[in-house]
Every structure is written in C-alpha cells, then in structure tokens.
Amino acid sequence: MALAFDASFQGDSGGEPHHLEDPYARVEDVRAAVDHLQTLDYVDPERIGALGICAGGGYAVNAAMTDYRIKALTTVSAVNTSTSFRRSLYGTDSDAAAIPTLQSLAQQRTAQAAHGAEPAYLPYVPAEPDENTPPRDLVEAHDYYLIPRAQHPNAKNKFLFTKSVSRIFTFDAFHMVEDLLTQPLLIVAGNEAGSLWMSTELHGRARSPKELKVVEGGKHMDFYDVPKYVDQAIATATPFFTEHLTAQPARQG
C-alpha cells in the first residue's frame with residue numbers, strides 16, 4: 001500500500017495560517033504519516049519506506065535521518081528547498097545572497113505589525129513565464145502547476161512571505177546527512193534537470209548504502225507525469241524497495 005497526504009497548511013489540510021511553507025512542519029508531517037501507518041493492522045512496521053519527489057525528497061531525507069522507522073528511502077528530482085531558495089535554483093549563489101530578501105522580510109513584518117499592512121505572498125512559480133528570464137525549470141513549473149495539466153483549486157500559487165521565508169532560509173534538509181542517514185538510499189534524477197546538482201550533492205555526502213540513477217534526457221518535471229520518465233523511476237524504485245523492505249524469514253530455533 002502507499003500513503004499520500006496534503007502537507008500541513010496546504011491543500012485540504014487544516015491549520016492556520018494557510019499557504020504557510022514550513023519545512024520543519026513538512027518533516028514532522030512525514031513522521032506523523034509513519035505514526036499513522038504503524039497503527040494499521042495490515043502494515044508491517046518493519047517494512048515502511050519513503051519516496052519523496054522534488055521538495056518532498058528533501059523533506060523525506062530529513063525525516064529519515066531522525067526517524068529510523070523508515071527503513072529505505074527513494075528521492076526523485078530531489079530538491080533541498082531551503083538551499084535552492086538561498087543559493088538560487090542552480091546553486092550558483094552564496095548563502096549570503098539571501099540577505100536582501102531577509103531585509104525585505106524585516107521591513108514587511110514591521111509594516112504588518114506596526115502599520116496594519118496586509119500579509120504579503122510570494123508565488124511558487126512565475127505567473128507569467130518568460131523563457132529568456134527564469135531558469136528553464138521554473139518555466140516548466142508554470143506549465144505543470146498553472147495550466148490544467150496539474151492545476152488544482154486548493155493549490156494556490158502563493159505562500160506567506162514573512163512566516164514562510166524565515167523558516168525556509170534557516171532550514172537545510174541535508175544537514176548532518178553524513179552521520180545520521182543510515183538507511184539504504186536511492187536517488188533518481190534527470191541529466192537535464194536544473195536541480196540535478198542537489199541529487200549529486202546528496203549522493204556525494206550520504207554514507208549509507210546508496211545508488212544514484214541519472215536518467216538520460218530527463219528534466220525536473222518529467223518525473224512528475226511524463227510516462228517515459230515516471231516509468232523509469234518506478235522501474236528503478238520497485239526492485240530497490242523490494243530488496244530493502246522484504247520481510248526477513250523467521251529464524252528456526
């Protein structure tokens with residue numbers, strides 16, 4: 001069986017304020033999902049794995065580092081959300097590049113607290129993409145999220161500026177991965193994805209049993225719903241989970 005869920009403050013999930021992107025809550029959501037699975041009589045608590053796509057991949061990695069009930073882990077088009085916010089999608093900036101945004105955040109908080117300004121929101125993806133301006137992956141994100149291909153009325157293209165950014169910028173999904181991630185790890189990414197550097201960084205840093213599958217011709221969003229690439233991810237993940245989540249035969253006493 002597989003369990004999928006809407007993250008806290010997003011989609012059909014409850015909690016206020018809505019449209020809050022809180023990496024710490026996202027990681028706790030994964031742990032809570034494992035809690036739930038362990039209450040189900042038909043789930044073997046020793047055979048629970050996690051598969052995360054895009055930012056969900058980064059959050060799943062962080063959750064697995066602190067929840068060893070997760071026995072095996074796969075990421076697909078993994079993104080360390082906070083690092084990509086600070087250093088840009090392609091990782092070409094320094095962490096200090098975040099400072100102007102944090103200065104704007106401070107001004108906005110003062111405007112809201114002292115002067116009654118309305119909460120400010122930022123878009124996840126460009127509302128009006130320009131193929132000559134943003135990274136290609138963001139243009140493709142617009143094509144995926146903001147047209148009928150995957151648009152959903154409960155997934156608004158916005159997140160709270162003041163309350164989200166301060167949480168995002170100080171989080172690192174891969175912090176201490178060298179020492180705390182002990183589970184087998186499969187990393188799947190396309191060789192044409194702008195986010196590939198995050199998958200290769202994760203592979204280079206992790207010390208647990210690991211495998212990196214780079215799919216020729218694959219872009220970041222291709223692994224969301226393009227059958228050619230989704231099928232390749234599944235074909236790689238299925239034997240991985242079969243190997244690492246198969247029940248061990250009982251010892252003969």
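The values are calculated or read from the model by the stated rules, or taken from the named source; none is laboratory data. Source: prediction; values computed, not measured. Here the Cβ is made from the backbone with ideal geometry for all residues, glycine too, and neighbour counts use every protein chain on show. All accessible areas refer to the heavy atoms of the entire protein, side chains included, with ligands and DNA or RNA removed. Shrake-Rupley method; radii C 1.70, N 1.55, O 1.52, S 1.80 Å.
Okay, here's what the table says:
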read-out	value
Those residues of segment 31-58 which are open to solvent by 50 Å² or more (accessible area, probe 1.4 Å) and closer than 22 Å to Tyr144 by Cα, in sequence order	Leu51, Ile53
Answer residue from segment 231-253, given it is of a type in the set (Ser, Thr, Tyr) and either open to solvent by less than 70 Å² (accessible area, probe 1.4 Å) or in contact with a strand residue (DSSP E or B) (Cβ under 8 Å, 6 or more places away or on another chain) (or both) and is modelled with the lowest pLDDT among those	Thr246
Residue list for segment 178-198, restricted to those being in a helix (DSSP H, G or I), within 15 Å of the chain's Cα centre (by Cα) and over 18 Å from Thr236 (Cα atoms)	Trp197, Met198
The lone exception for Gln38 - which of (1) touching a residue at least 40 places away in the same chain (Cβ under 8 Å); (2) in contact with a Pro (Cβ under 7 Å, 6 or more places away or on another chain) it fails	(1)
Long-range neighbours under 7 Å by Cβ, at least six apart or interchain, first residue in contact (Cβ under 8 Å) with a residue 60 or more places away in the chain and among the hydrophobic types (A, V, I, L, M, F, W, C) within segment 150-163, second open to solvent by 70 Å² or more (accessible area, probe 1.4 Å) and part of a loop (DSSP other than H, G, I, E, B)	Phe159/Tyr124
Tally, over segment 147-168, of residues that are open to solvent by 40 Å² or more (accessible area, probe 1.4 Å) and closer than 12 Å to Leu105 by Cα	3
Filter result (open to solvent by 50 Å² or more (accessible area, probe 1.4 Å) and modelled with pLDDT of 90 or more) within segment 125-146	Tyr145
Output for segment 70-106, where each listed residue is more than 30 Å from Lys210 (Cβ to Cβ) and surrounded by fewer than 13 Cβ atoms within 10 Å (Cβ to Cβ)	Ala96, Ile99, Pro100, Gln103, Ala106
Selection status of Lys228, without any contact (Cβ under 8 Å) to a residue 60 or more places away in the chain and either surrounded by 17 or more Cβ atoms within 10 Å (Cβ to Cβ) or outside any loop (DSSP other than H, G, I, E, B) (or both)	yes
Segment 181-204 - residue that is over 18 Å from Gly52 (Cα atoms) and touching a residue at least 12 places away in the same chain (Cβ under 8 Å) and, of those, surrounded by the fewest Cβ atoms within 10 Å (Cβ to Cβ)	Asn191
Subset of segment 1-30 (residues that are touching an Asp or Glu at 6+ places or on another chain (Cβ under 8 Å), closer than 22 Å to Phe171 by Cβ and surrounded by fewer than 16 Cβ atoms within 10 Å (Cβ to Cβ))	Phe5, Asp6, Ser13
Filter result for Val214 (open to solvent by 50 Å² or more (accessible area, probe 1.4 Å), touching a helix residue (DSSP H, G or I) at 6+ places or on another chain (Cβ under 8 Å) and either of a type outside the set (Phe, Trp, Tyr) or modelled with pLDDT under 95 (or both))	yes
Leu196 of a type in the set (A, V, I, L, M, F, W, C) and either touching a Ser or Thr at 6+ places or on another chain (Cβ under 6 Å) or closer than 17 Å to Arg87 by Cα (or both)	yes
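Every residue, every condition in (1) in contact (Cβ under 8 Å) with a residue 60 or more places away in the chain; (2) among the charged types (D, E, K, R), yes or no:
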position	(1), (2)
Asp12	yes, yes
Ala32	no, no
Gly52	no, no
Met65	yes, no
Thr75	yes, no
Ala98	yes, no
